[in-house]
Amino acid sequence: MDIDLLSDVVSESEMALDDHGNMLPNLPQSRLTHEQAYQAVDSSPDSFPRSDSTRPFNIGRQNQAGAVITKIEDIFESITECMLEGKKELTIKLKSRSGHNNKYGDFDDDDADGSGVKRLSTRAITFPTKSPQEAWRFTALLRILELSHEALVTGVVTTKRDIYYRDPELFVKQTVVDRYVDDIAFTLGFERDALNVVAAAKSLVAGAFSIIRTDQSIMDYSIENDGALIPNTKEIRDLNLPDVRWIIVIEKEATFRTLVTNQYWQDSLVGKGIIITAKGYPDVQTRQFLHLLWTRFPRIPIYALVDFDPDGLGIMSTYKHGSMALAHESINLAVPSIQWLGVRSSDFLTDGPDAQGLLKLTARDRRISRKMLEKEMFGEEAQETDWRRELQVMLMTNVKAEIQILGNGESLGTWLDGKLLNGT
Amino acid sequence: MSKQYLTTHTVDDAHITDIFSIATTPTQLLSASGGSSIKVHSTSSPDIPLEQTLCGAHTLGCHHIVTARNGRMAASAGFGGEVKIWSISEEHQWVEEGKIMDGNKAGEIWAIALSEDGQFLASTTYDGRINVWDLLDGRKKIREYETKGSFGMSIDMSRDGRFTASGHENGGVYIFNNDTGRMLYSLPGLVKPVRSVAFSPAGTRLAAAGDARVIALYDVQHGEQVANLTGHSAWILSVDWSDTGEYLLSGSYDGKVKVWSIDRRACVATHSETDKTLWSIKWLPKNPGKSEAFAAAGANRSISLYREATGG
């Protein structure tokens, strides 16, 4: 596994690579991140087992993200160097696995460590170049690296489709994105998920509504017993939800499943509703769908049910204000009316401070909380003073809690009824 | 026999958000909150007027404020990880004297304590280190203690500055000798997070309390636990000794204040004017000719002052 990046910058190409897929093994930090990643996975006695594996960042993943970010930044750096020094020519050797061509995008079946059993093919992309075709290839590659870097830094999971729509003129067709994303991941020695890019939207929705698609077909979500994939807003011609009284966006898939199994959207004391989960940080498609619901039906209240931790607030903030990275699209994606249903400190600390399921903050949680407090919207006279307070309480008590602390099954339903009846 | 305390005054909405910490001097009460300003109230007049506002002291909010017993120095720690040192000027105004940053990593410092004369500042870090700084000698770090790496949630320094004690997330309680720079005792802990530690005025006893809902009293000289005060039904967030060392004050997550007799090892008064969290409680320094008084503040954003009801 190598990306022979520096063959023209560094005189000996052999020294640029080692067995771990590090492009620049002589850089101390790339090594460091690697070791930290393993350490964090091995020595996590105080990281509690997560019931929900879809959470975007557990400790191990976070460190892996760090390693991927470092690698991408190394590439940017060498490109900059290359441009500054003029004359120099940079060649990026992109590896793809043979047999991939007919089955792109299906990474999971493959042997991720690239153990050499499969035949590998390599494409060299050179910069700068006189060939327009080559220049386009380089630009596309760079753009995908940039978007993936953005997804990693902001913690927002993006889809291949999202990437394509960010720059359709450049990419021309979806398969270009698919191929590059997979090849980049493979070349860097990670799975595609490590780039924070997933194949397609995984968000689920359940509720008392139906849609009419642009092709006139009708999809009735109220008869889908387990919920269904969230529809693409581009395919929605009309929405039909006469009975819906509320919409809840849930961070955790497990909680979504519990509520769907109990038919909460149908049997709630406050009337019928819609439940959505993006399984962590939302992708663009989920936000587009929620945004559409809000613009078409502004009087139906929309609530967020997220963990009492910095990521929970980050997820809610992404729905409400948009992600920092996609600021230019925020106007089409944000749902400013979203209300915080829970979990707040008062939901579990007053009733019994020894409630099962309280977790202590990690160093990362504290660091992220502090970074969030620095954001403008968390300012003492800004719009989210409530969030500011809860973040501060989190730091004071050093305690966080997952949605599950509210109970499962019926007790969760009772809690939701109470909240929805009394407002937030 | 129980004691009676009466509310003498409440400063309503002293801050726009939770008051996380209060500190006293012989004539003033300083309060810090989730907002950026520190407020200074006079305790000399019965209506506790606002005397000074330290605007924008900590942009992200302030979680700890402490004063030296001489009333001339104060230190405050903000959510951004910065510590500010304040001193009182000729005009009797608090002015910022400087800042302390632990290395270049923001957010490392958490709890803080000042020695009686304000010369030494002790602080904890998230990863369990304890540092002591000499504020007179260029704010230099003079002591660095390592513990087992558990979050240092609370700290205190004996009045003479000889000892530092810390309470940790994992229930650990440590006493350090600042003269030798060594750990003196690792005390049999409370197992659960220790959110407050306090030396008695003479420095012979240490009180520690937190999520275990008991107050443990230790003998500083021998490092032994000498008593357990039980009665709180929620996390204990702060404890404070009266000037004479006869009484201990405690405040809890469920808004209760308790006064304990050290002689009798018993609770002699309980107040529950609020069901909101009391983040901080403090005795006012003993005033000759006046009965004992204390202040309590927290999530209800106000500061309540209590004074002992005298028989006559």
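Distance from the Cα centroid of the stretch A:287-327 to that of the stretch A:138-209 is 21 Å (rounded to whole angstrom). With a simple spin-label model that places each label point 7 Å from the Cα along the Cα-to-Cβ direction, the separation between A:Asp243 and A:Tyr165 comes to 3.0 nm.
What length, rounded to one decimal in nm, is gained on full extension from B:Asn177 through to B:Met101, with 0.36 nm per residue of separation minus their alpha-carbon distance?
Numbers: separation 76, 0.36 × 76 = 27.36 nm, distance 2.33 nm.
Full-extension gain reported as 25.0 nm.
What is the interface area between chains A and B, defined as buried accessible area summed over both chains with a 1.4 Å probe, reported in Å² to the nearest 100? When A and B are taken together, about 2200 Å² of accessible area is lost. Expressed as a whole percent, the accessible surface of the stretch B:5-308 that belongs to carbon and sulfur atoms is 45, based on a 1.4 Å probe.
Buried on complex formation within the stretch B:53-97 (loss of at least 50 square angstrom of accessible surface versus the isolated chain, 1.4 Å probe, ligands and nucleic acids ignored): B:Leu60, B:Phe79. Per residue, the stretch B:5-308 exposes 37 Å² of solvent-accessible protein surface, assessed with a 1.4 angstrom probe and all protein chains in place.
When the solvent-accessible area of the stretch A:120-210 is split by element, carbon and sulfur atoms take up 56 percent of it, the probe being 1.4 Å.
Taking each residue in A:391-400, count the Cβ atoms of any other chain within 10 Å of its Cβ, then average. What number comes out?
Other-chain Cβ atoms within 10 Å of each residue's Cβ, averaged: 6.
Remark: the stretch B:206-215, residue by residue, has Karplus-estimated 3J(HN,Hα) of 10, 9, 9, 8, x, 5, 6, 6, 10, 9 Hz, where x stands for each Gly or Pro and the curve is 6.51 cos²θ - 1.76 cosθ + 1.60 at θ = phi - 60°. Remark: relative contact order (the stretch B:5-308) = 14 percent; criterion is Cα-Cα distance under 8 angstrom and separation of 6 or more residues.
A convex hull fitted around the alpha carbon atoms of the stretch A:158-237 yields 107 Å³ per residue. Label separation (A:Thr295 vs A:Val153): 2.8 nm, computed from points 7 Å beyond Cα along the C-beta direction.
Amide H contacts of B:Met153 (H built 1.01 Å from N, in plane; Pro and chain starts excluded): B:Gly167, B:His168, B:Glu169 sit under 5 Å, all sequence-distant by 5 or more or on other chains. Given H placed on each backbone N at 1.01 Å, which residues far from B:Met73 in sequence or on other chains put an amide H within less than 5 Å of it? Answer set, sorted by chain and number: B:Ala68.
I'd like the Kirkwood hydrodynamic radius of the stretch B:5-308, using the inverse of the mean 1/r over distinct C-alpha pairs, in Å. With all distinct Cα pairs of the stretch B:5-308 included, I get 18.8 Å. If you keep only loop residues by DSSP, which chymotrypsin sites (Phe, Trp or Tyr not before Pro) in the stretch B:215-312 have at most 12 other Cβ atoms within 10 Å of their Cβ? Sparse-neighbourhood loop chymotrypsin sites (Phe, Trp or Tyr not before Pro): none present.
Residue by residue through B:227-234, how many Cβ atoms from other chains fall within 10 Å of the Cβ on average? Walk me through the numbers before you get to the answer.
Working: counts 0, 0, 0, 0, 0, 0, 2, 5.
Averaged over the peptide's residues, the number is 1.
Under the 0.36 nm per residue contour assumption, what length would be gained going from the current alpha-carbon distance of B:Leu6 and B:His222 to full extension? Don't skip to the answer; put the middle values down first.
Working: separation 216, 0.36 × 216 = 77.76 nm, distance 3.79 nm.
So the extension gain works out to 74.0 nm.
Pairs from the list A:Lys320/A:Lys419; A:Lys71/A:Lys160; B:Lys39/B:Lys141; A:Lys320/A:Lys375 with a Cα-Cα gap above 23 Å: B:Lys39/B:Lys141. Close amide H pairs (under 5 Å, H built 1.01 Å from N) link A:Lys272 with A:Arg245, residues at least 5 positions away or on another chain. The lysines whose alpha-carbon is closer than 19 Å to the alpha-carbon of B:Lys3, local same-chain residues fewer than 8 away aside, are B:Lys256, B:Lys258, B:Lys282, B:Lys286, B:Lys290.
The values are calculated or read from the model by the stated rules, or taken from the named source; none is laboratory data. Note that the structure is a prediction, hence the values are computed from the model and not measured. Every residue, glycine among them, receives a Cβ derived from its backbone with ideal geometry; neighbour counts consider all protein chains shown. Protein only, heavy atoms only, side chains kept; ligands, DNA and RNA dropped before computing areas. Shrake-Rupley method; radii C 1.70, N 1.55, O 1.52, S 1.80 Å.
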